[in-house]
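Reading through the structure tokens given below for one structure.
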Amino acid sequence: MSRITVLATMAVILASRASAQYMRLGCDPRGIKYPSCSVFDKSSVEGQRQAEAYLKKMAAARDQAARDLTAKIGRARQQFFGGAGGGAGRAQAEAEYHELLYKKDLWLLEIEVPTAFRGGFESYALEPSEVTVDGGLRVFAHDWFAAWVGCARTKTPPTTFANADMAMGVGQGKPLADVIDACRNTFEQYRLARDWGEFAGAGRIPTADPEEYMQLLFALWRPWARDDTTPPEPDFRERATRYRDDIATVFGRDALLAAARRLMSIPKDRDGRVAPPLRADGMELFHPWLVFRAMLGETSRRNAALMILVFQYSRVANVHAAEKEYQRLVAAYGEKAVQDEADAVRRAAKKSPAVLSDTRTAGVRRNYCREALEDLLEMHEPKGYARAILAYHDQLDSREAVDAAYDKLAAAYGESAIIEAAKRIAAGGWPAEYAEAARRHALGHDTPAEQYGILMAGLRGAAKLQPVAPRASSPEPSAMGDNPLYVVWAKFKPGAVATYAETTRVSQGGQLVPAPGSEVRIYSHKLQSIDSQGVTVEDAQATLTRSGRHGQEARPQSYAARLPKSALEGYAKAEYGADTLEVNGKTYQCRWMKVTGDNSGTPYTYTTWNSDAVPGGLVVSQLKSGGTITMKILQPFVVDNIYALDNYQKVYSAVRSVAANSPLIRP
């Protein structure tokens, strides 16, 4: 949007105010040395022309202020990390360094990142600058900064015609200092993340004390909180210390210290992420908290099993409940059996730390790690399975108590009958009257009472048990078809990779313009393994903005070679054709596929162009829905670590430029 267009838009807003004949610019400097406050008559062409020229001066002043602050931060950073020495000189360098970082934080909040604090009329009229302060937001701190911004927004009245004085910068509404004070806890947590990134950028760690290092980890990730989007508690630093001491009673302080020292010693990139990523728990991990969890699990086989139970379905780390459950499983199955099956679950490929990527390969029914552990124990240890049913039903936590309950049951029905019933139930031979319980068990929702009822039904009458069927019956070959996602990857060798950039544009005034936020999403898809049964592809994603970048853990995704034809019906309903595309200077002979549909009343069209010359096939995808166009375009560059894009700002600018000028592709 041009500045003239912005001025015309703002004129409509200004016209809603009685005193809107004149526009004021440069009157809300926000620490920037703008030219003197000026007033322009917007009702005249000359006034608008003068305002346009003035806006250019303001933009130049803003960019120079960004360069000046960047230079000061660079000098202070060098002094703090390199030449301050010790004593009073070190303390003074640290104070100056953190003061400048705080000014950068306020700059990001007020100038670079669109928030409710961007000051006055000029914040709307000025176009975003390509000049960032000190390289923009630290990637590592992105989520915590977003939480701080979100808190600040909730403390600020919305910009409406009713408070237009605030929107135009004539009045300031609630002072910024008051808003920051109201979000003090959120800022303090962001500051910890920011400083983590600062130390990493200098090749340092925040502290040499492993106890303090753990306290910092826990303060950043708050594993006691059910939802990491909730604001940090006023005493979250103290809670982190208490949590560290509490978890030590379960895992052992020596194990905690060993994991902390190991995490402190391994290499990290300039953003504080583990580099190269650690291969553990069936994933490649670069996130410090997840790496710490994996390392803690590697301190002993007991701790490895405990980690599966600690983080069962969510981020909440209920260590004492996990310890009690571990003791109950050991009482039922024996410690070796529990640890052996836990090791198998830990080695299995994962979508996330708590979820398996492929139940078929792991040989289980359910994909949550906790439930997969149950599946393996039930299948391989039928006697232990029966004992576990008794333990959970009667709330038994010691081996002696479980022995007594099992011996009593064996005296009544015989051990061989108990084991046979447990085998048949584990294999799918559920009593007919427990069909609903069978469904709930497959989802992990059944209760100890239901499990006990199933076992007793099987013991009281074998006829009540259905014939044992294969755990996962395979469809007839004639009912199967080739999986297109397998076919396009099967032509390449492991290591083949394709990188994409995705942008979103919206229709505005008959033209397509970048969507608010102007993010660029970078995707990397890398072939890990292939055989006759399927392929595994590692998917990674990073989001680039003008001020920073952030990403997600790389996750393996498996595609079976064959699928039931019922799962391929969507392909049969699509439209198909051929086309030639030129993408980033290279020509591709493509097959296109178009699918139309309706999403909650909003029609959409999704089209893909595929070529045999590209790993995974995709060249371009285009989603049109409700005036929004999202395009995913093959890129000429390949990155081994998508989270370490050193030139991310150039990539961001280049991709945005290409996307802004890319015409819609019509099959």
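Accessible surface of residue 343 in the full protein assembly, 1.4 angstrom probe, to the nearest 10 Å²?
40 Å²
Anything over 28 Å Cα to Cα? Flag those among 336/408; 491/586; 103/155; 57/103; 491/565; 104/624, in the order listed. Working shown, then result.
Numbers: 336/408 25 Å; 491/586 20 Å; 103/155 20 Å; 57/103 23 Å; 491/565 22 Å; 104/624 38 Å.
Cα-Cα > 28 Å for 104/624; rest within.
Can you compute 3J(HN,Hα) from phi for each residue in region 94-101, using the Karplus curve 6.51 cos²θ - 1.76 cosθ + 1.60 with θ = phi - 60°, rounded to whole Hz and x for Gly and Pro?
3J(HN,Hα) across region 94-101, in whole Hz: 5, 5, 5, 4, 5, 5, 5, 5.
Of 459, 527, which has the most accessible area with a 1.4 Å probe, and how do the rest follow in descending order? Walk me through the intermediate numbers first.
On the way: 459 25, 527 5 Å².
So the residues, ranked largest to smallest area, are 459, 527.
What are the residues whose amide H is under 5 Å from the amide H of residue 268, where those residues sit 5 or more places off or on another chain and H is modelled from the backbone?
275
Not counting ligands, DNA or RNA, and with a 1.4 Å probe, what is residue 209's accessible surface area in Å² rounded to the nearest 10?
60 Å²
Measure off 7 Å from each Cα along the Cα-to-Cβ vector at residue 130 and residue 266, then give the distance between these two points in nanometres to one decimal.
Reported label-point gap for residue 130 and residue 266 is 3.9 nm.
Please list, in order along region 390-402, the HN-Hα scalar couplings obtained from phi with the Karplus expression 6.51 cos²θ - 1.76 cosθ + 1.60 (θ = phi - 60°), rounded to whole Hz, x for Gly and Pro.
In residue order, the calculated couplings are 5, 4, 6, 5, 9, 6, 9, 10, 10, 4, 5, 5, 5 Hz.
Could you sort 487, 149 by accessible area so the largest value comes first, with the probe set to 1.4 Å?
Details: 487 60, 149 10 Å².
The residues order as 487, 149, largest area first.
Per residue of region 47-63, in order, report the coupling 6.51 cos²θ - 1.76 cosθ + 1.60 (Karplus, θ = phi - 60°) as ³J(HN,Hα) in whole Hz, putting x for Gly and Pro.
With the stated coefficients, region 47-63 comes to x, 5, 5, 5, 5, 4, 5, 5, 4, 4, 5, 5, 4, 5, 5, 4, 5 Hz.
Using a 1.4 Å probe and counting only protein heavy atoms, arrange 394, 269 so the residue with the most accessible area comes first. It would help to have the intermediate numbers written out before the result.
Details: 394 70, 269 25 Å².
The ranking, largest first, comes out as 394, 269.
Can you order the peptides 398-405, 299-306, 131-138 by their average number of other Cβ atoms within 10 Å per residue, highest first?
Ranking, from highest mean packing down: 131-138, 299-306, 398-405.
The values are calculated or read from the model by the stated rules, or taken from the named source; none is laboratory data. On a predicted model such as this, the values are computed, not experimentally measured, just so you know. Every residue, glycine among them, receives a Cβ derived from its backbone with ideal geometry; neighbour counts consider all protein chains shown. Heads up: the accessible areas ignore ligands, DNA and RNA and are worked out on the full protein's heavy atoms, side chains in. Shrake-Rupley method; radii C 1.70, N 1.55, O 1.52, S 1.80 Å.
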